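Worksheet: one structure, shown below.
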Amino acid sequence: MAGDQGSANSFKLAAIGSTRLVRLLGDWQTGRLALHEDLAAQLRRLIRSGVLSSGTRLPAERPLGQALNLSRNTVSRALDVLRGEGLLSSRQGDGTYVTFRPMPGSHRGDDRLGSFVGGRDLRRIDLRSAALPGLSMVTDEIARLDGSRMRALVASHGYEPVGLPELRIAVAEYYSNLGLPTEPENILVTSGAQQALRLFAASMVNRDATVVLEEPSFRGAIESLKALGVRIVGVPSGADGIDIDKLASTVARVSPALIVLQSTVHNPTGSVLDGFRRSRVAAIAARHGVPVIDDATLADTIIDGDRRPIPWVRGAT
């Protein structure tokens, strides 16, 4: 770049064609906003995430409109919005350029990660994310690992399709100690609750099947089920957990292929189903022959009162 002259010329690094930009825009029409607002919103996301980097020259308005099957006026109005926000800069006869520079260290593809850039200020409580800091016990446990075992693991490809044997043994013991007899062969280790839910749901339902889900619910559950192409029917969930009477009537009405809930430390309400409600859920599922996915990921975060048993280890199953 030859000197910063404060104009679009100082950002001339690359150009993007109409065809490629259309691919990057993807399914940008929401149907809730005017066309130029939808287009501006998607372009804004591409710019702020760094997919369209500073200095990129956009296609001319007319060919871009033709590629998007839009009028030139619609494209011009969308770009005007972004010019007004300082994300784009245009110069007569020279073109339109991206002039937004992402925060240093931010990750391409998701501008939300920019909120994590920078050091921690211990005087403030950061509410930008629900992610908790790491625990010192993690490093303590890593230090206790058998060095020879670690060397053996890294000497191979390291892939364990169902999880490390030691971890599966430990998880099985965890559930057995809670009153649910479990063998390591019953355990499949995943990268998280969302992957586990996706794998199980995919094995249980077909596209266009009906799934009953608490409302509100864990965002990852919603995204996983939507990705499977199922029809989601919500059942209210509040301070005491899922509305059992509503669940019973909904299951009878829609005949779902699956019920997905969080009986213990619901995300986001924090509710915990008592034993009576658990037994009613189990009875409803058994009566209609509907399998239940119960995400108990946050069960160990209970801090009020005694540790509750994991769902369904007592009473009906």
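Key figures
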quantity: Residue count, region 194-209 (criterion: crowded, with 17+ Cβ neighbours inside 10 Å and not small (G, A, S)); calculated: 5
quantity: Tally, over region 175-215, of residues that are outside any helix (DSSP H, G or I) and in contact with a helix residue (DSSP H, G or I) (Cβ under 7 Å, 6 or more places away or on another chain); calculated: 9
quantity: Inter-residue pairs, beta-carbon under 6 Å, first not assigned by TED's automatic domain parsing to the domain that holds D245 and in region 208-221, second surrounded by fewer than 23 Cβ atoms within 10 Å (Cβ to Cβ) and at pLDDT below 90, 6+ apart; calculated: none
quantity: Pair list, Cβ under 6 Å, 6 or more apart: region 49-73 residue on the phi > 0 side of the Ramachandran plot, other residue crowded, with 17+ Cβ neighbours inside 10 Å and not hydrophobic (A, V, I, L, M, F, W, C); calculated: G50/P102
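The values are calculated or read from the model by the stated rules, or taken from the named source; none is laboratory data. What you see is a predicted model; the values in this text were computed from it and never measured. Every residue, glycine as well, gets a Cβ built from its backbone with ideal geometry; the counts of neighbours run over all protein chains shown.
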